[in-house]
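Any read-out appearing in this document is the output of simple, stated calculations on the displayed coordinates, not a laboratory observation. Computed from a predicted model, the values in this text were never measured in an experiment. Positions of Cβ are backbone-derived with ideal geometry, glycine not excepted, and every protein chain shown enters the neighbour counts.
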Amino acid sequence: MGRLHRLQPALWLVAIAFYGVGDLVTTVIGLRISGIIEAGPLVGPLIDQYGVMSLFVLKFLTIGVSYGVWQVIPTPHRTGIPLGLAVLGVAVTGWNTVVVSTALFF
């Protein structure tokens, strides 16, 4: 077993913490600030149409489907699923934090 394979539980925790929670929290905070909008081509229209709750549903479905696919993909390829979500989550949470900080402090 490779090192990344052994790190899968930690990768899932990072994915949930940043993609699931961090992005969600920073997006909700950002949407409360005048002048900040959701620019995502899928998420933006969903939030406009159904409100922030649609983001909760989308996150839940994305993580759930990703976990389901992770269950059936053979090792070592399956490691890419939590790794991808973790990297994406850290990136978007970081970006959202920069946007919110800029709007609040500059």
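Of everything listed in (1) on the phi > 0 side of the Ramachandran plot; (2) free of Cβ contacts under 8 Å to residues at least 60 places away in the same chain; (3) not aliphatic (A, V, I, L, M), the single unmet condition for G35 is (2). From the list T27, T75, T62, T79, the lone residue that is hydroxyl-bearing (S, T, Y) and closer than 22 Å to V98 by Cβ is T27. Tallying residues that are of a type in the set (A, V, I, L, M, F, W, C) and either touching a helix residue (DSSP H, G or I) at 6+ places or on another chain (Cβ under 6 Å) or in contact (Cβ under 8 Å) with a residue 12 or more places away in the chain (or both) within the range 71-106 yields 11. Condition first: of a type in the set (F, W, Y) and within 21 Å of L13 (Cβ to Cβ). Now tell me which residues in the range 36-64 satisfy that. Across the range 36-64, the qualifying residues are F56, F60. Among the residues of the range 1-24, those that are exposed (fewer than 15 other Cβ atoms within 10 Å of the Cβ) and either touching an Asp or Glu at 6+ places or on another chain (Cβ under 8 Å) or free of Cβ contacts under 8 Å to residues at least 60 places away in the same chain (or both) comprise R3, R6, P9, A10, L13, V21. In this structure, does P45 turn out to be exposed (fewer than 11 other Cβ atoms within 10 Å of the Cβ) and either among the small types (G, A, S) or not in a loop (DSSP other than H, G, I, E, B) (or both)? In short, no. When the test is whether a residue is loosely packed, with under 12 Cβ neighbours inside 10 Å, closer than 27 Å to F106 by Cβ, in contact with a helix residue (DSSP H, G or I) (Cβ under 8 Å, 6 or more places away or on another chain) and touching a residue at least 40 places away in the same chain (Cβ under 8 Å), G30 does not pass it.
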